[in-house]
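Bear in mind these aren't lab numbers, they're just calculated from the coordinates by the rules spelled out. No experiment lies behind these values; they were computed from the predicted model shown. Neighbour counts are summed over all protein chains in view; Cβ atoms, including those assigned to glycine, are modelled from backbone coordinates with ideal geometry.
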Amino acid sequence: MPRGRLMALDYGRRRIGVAITDPTRTIAAPRGVVERSNRRAPGTAVPRALTELVAELDPAAILVGIPLLMDGTAGEMAEEARAFAQALEEATGVRTVEWDERLSTARAEREILGMDPPRGRRRRKGRTDERRGRTDERKGRTDEMAAALMLSSYLRSTPAGAGVFGGP
């Protein structure tokens, strides 16, 4: 497996959280979200903004979070995320790796609250305003944080200097 950055995606029907490592695969950092313009598109529809981001960041591999059920089985969203991972690999030519992301969103929300944002920002519910292109900032932060936590978990699970291996 070639050295270089790893990317992680927290797949969702509305938003896809993105995280990336540094080239030495030491640090995982949130990188933003990719909004899905057509939420009714099949899970295999890869947003053009995401393929452009993959081309820009040039990762060696992409971890795609698979939201397995608590008993370890794959439900509807897990199957959709798997189909998305396969479509992404075909669209970009970059190897995708499935990674168990159970409870990553809940953990990301706790991390964000632990940062103690000002009360006004914590309470603001905000919704996506499609007419003006505004995103729900809190949810976007949660999605990118979930991707970063998933990527950090992956980095901790692999021996230093190891290649990319398969997920769940």
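Tabulated results
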item	result
Environment charge of ARG48, counting only residues whose C-beta is closer than 12 Å and scoring Lys/Arg +1, Asp/Glu -1	-1
Pair ARG3, THR158: separation of 7 Å Cα→Cβ label points (nm)	1.3 nm
Alpha-carbon centroid distance for the pair region 4-18 / region 58-89, whole angstrom	10 Å
